[in-house]
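Here the structure is laid out as structure tokens; the discussion comes afterwards.
The numbers here are math on the coordinates, done by the rules we state, and not lab data. Being a predicted model, the structure only gives us computed values, none of them experimental. Glycine also receives a Cβ, built like all others from the backbone with ideal geometry; neighbour counts cover every protein chain displayed.
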Amino acid sequence: MKILLNSHRRFTKEMLKSLIDLIRYSAQIQKAKTLTFDRVLFVCKGNICRSAFAAGYLKNFDTSLKVESRGLQVDREVRSPNTAISAAIRHGVDLTGHYSRPVTAHDVNGADLILAMEYSQYHNLREMFPSSKDKIHLLGCYSTASYKLCLNIYDPFGREEKDYDACFNKIKTCINALICSRNVRV
């Protein structure tokens, strides 16, 4: 019962935060009507689960795209956790050779499109790199209607495999929508 109550509290807290972030994000930016890109940078907190998976998944669509992933809070190279590796393999992405890397100005300057996983990361990136703010977006803004209320793609780190699967499914849905609605060579 305690586990169920904690799970419910975490869900409620995440949904409330997501609604607030949705309002903040909507007030700051509109999705570009047309967006072309050849170089994509995915950013999350630690660069061991979400951004690494997103980069691997997009690379599977078009090997001519330059796709990278980085983290905002990376102080040393860390391997993706086994739970993330197992879940990613089930979704067609191999994270076995991935090690975390911090985001740098060089990475940001070299990207046409920068996609953050959470509003706080989007906000931090725009503050860190103000000259690049027009190319920084939330990956979740490309989600389908079933995910629209929650633009944030929360970190599954330290959770169960089913949480990684849910996270990776949302990332795949967002990337599929991005590919379908944007000028990407597929």
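Label the range 29-115 by shape, choosing from rounded, prolate and oblate, from the square roots a ≥ b ≥ c of the eigenvalues of the Cα gyration tensor; if a/c is under 1.5 it is rounded, and otherwise prolate applies when a/b is larger than b/c, oblate when it is not. Oblate, because a/c is 1.5 or more while a/b does not exceed b/c. Each residue of the range 158-166 was assigned a 3J(HN,Hα) from its phi angle through the Karplus curve 6.51 cos²θ - 1.76 cosθ + 1.60 (θ = phi - 60°); the sequence is x, 9, 7, 4, 4, 6, 5, 4, 4 Hz, with glycine and proline shown as x.
Between Phe42 and Glu68, Ser69, Arg70, Leu115, the built amide H atoms are under 5 Å apart, and every one of these is 5 or more places off in sequence or on another chain. Overall form of the range 59-186: rounded. Here a/c, set by the Cα gyration tensor axes a ≥ b ≥ c, is under 1.5.
Can you tally the net charge around Gly110? Count Lys and Arg as +1, Asp and Glu as -1, for every other residue whose Cβ sits under 15 Å from the Cβ of Gly110. So the surrounding residues net to +1.
At a Förster distance of 30 Å, what's the computed FRET efficiency of Glu161 paired with Asp75, Cβ-Cβ distance as r, to 0.05? Between Glu161 and Asp75 the formula returns 0.65.
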